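The structure under discussion appears below in the form of structure tokens.
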Amino acid sequence: MSAAEKRPPWIVEVGSGKAHRIPVHRNSGLEIVYIEGGNLPWQVENQRDPVGPGSAFFTMPWQWHGSTADFEPSHSLYFVVLGVEGKCIDQPGPIRLPKALGLSGSEQRRILDTLRTVTRHAWSATAALADSMRALVRECANGGPFQERRCAAWVAIVLTELEQTVRENRSAISPPGAQRVSLLIDELMRRLDERWTLDRMSAFCGLRRTQFTETLRLHTGDSPVGLINRLRVERARRLLRESSRSITDISMECGFESSQYFARVFRSLTGRSASEFRIAHLA
């Protein structure tokens, strides 16, 4: 998921994409994430802090954070970890942002004090923050003249937009269509063994095919086929853990038309075969 070999030295990590697994971890810097699409069941210091589409999410260097799921829902994100100065990895403490950002002492204090005083970490991302995160990742991947100056400008916008959002208490708001998609997922989970076509799913949501596909990708990060496959694999994983039924029987119950297709999808989403998954969870 990390994208930048040519990034400025004060950027620890930067990238975009998605991950099948986001274990609990902490960074050696200030992390900021923009969630373009999908939902992430994240936690910070053992407190649930779910992140939805259009959200900005941040963590301080000393904060343990990650997913509450062992099979991450599909999503699309951009992230950056900024190097900081200060003894702050093992416990909270004063930190300083990179000098390259050109922020004054008072500006740094305002940003860091605002971020440190809130318990929630997911906030509604402004258009400027979203655009700047995309531009930052592109700039780090491309390199070239003035890269460090341009990256510093994008990061400064991200930080100031995030600070203002937190200070003004702009809670993350679900984009239109969230309830329709949620109801569809509930229906799919009840009837995964049935044949679900694009027409059937879009009709259930009361949307045109193209509108439905765009709405679904925004809220889940998935295409219609991708959503069905992910939900079916999630059920298959549960059955593999909890029953001794054959893998073929499980694949049929979950709605896969052939065991070969099930095997291909299961491995692509989990990184292992169904038999390997079952053995690992029996040990």
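Near G15, the amide H atoms lying under 5 Å from its own belong to A3, F79; only residues 5 or more places off or on other chains count, and H is placed 1.01 Å from N. Computed from the C-alpha gyration tensor, the three semi-axes of the ellipsoid equivalent to the range 11-167 are 22, 19, 14 Å, from longest to shortest. Sketch the reach of a paramagnetic label on R167 as a point 7 Å from Cα along Cα-to-Cβ, and name the residues of the range 99-121 whose backbone nitrogen lies under 12 Å away. So the set is 106-115.
Compute the signed sum of charges (Lys and Arg +1, Asp and Glu -1) over the other residues within less than 12 Å, Cβ to Cβ, of S243. With Lys, Arg at +1 and Asp, Glu at -1, the net is +3.
Taking a quarter of the surface of the convex hull around the Cα atoms of the range 178-282, what do you get in nm²? If you wrap the Cα atoms of the range 178-282 in a convex hull and average its projections, you get 6.4 nm².
What is the sum of charges around F57, taking Lys and Arg as +1, Asp and Glu as -1, for the other residues whose C-beta is under 11 Å from the C-beta of F57? Please list the in-between numbers first.
Details: positive: R120; negative: E31, D49.
Its environment carries a net charge of -1.
State the extension gain, in nm to one decimal, for the chain segment bounded by A178 and R149, taking 0.36 nm per residue of separation less the distance between their alpha-carbons. Show your work: numbers first, answer last.
Working: separation 29, 0.36 × 29 = 10.44 nm, distance 3.86 nm.
Additional length available on full extension: 6.6 nm.
With no solvent and one point on each alpha carbon, what is the Debye value of log10 I(q)/I(0) for the chain at q = 0.11, 0.15 Å⁻¹? For the chain, the Cα-only Debye profile gives -0.72, -1.13. In plain terms, if you count all Cα to Cα distances in the range 98-173 and split them into 5 Å steps from zero, the share in each step is 3, 16, 24, 21, 19, 11, 5, 1 percent.
A cut-off under 12 angstrom between Cβ atoms defines the neighbours of E107, and their net charge, with Lys, Arg +1 and Asp, Glu -1, is +1.
Only the coordinates and a few stated rules stand behind these numbers; no lab work does. Please read these numbers as outputs of a predicted model, since none were measured by experiment. Note that we place each Cβ from the backbone using ideal geometry, even for glycine, and neighbour counts take in every protein chain shown.
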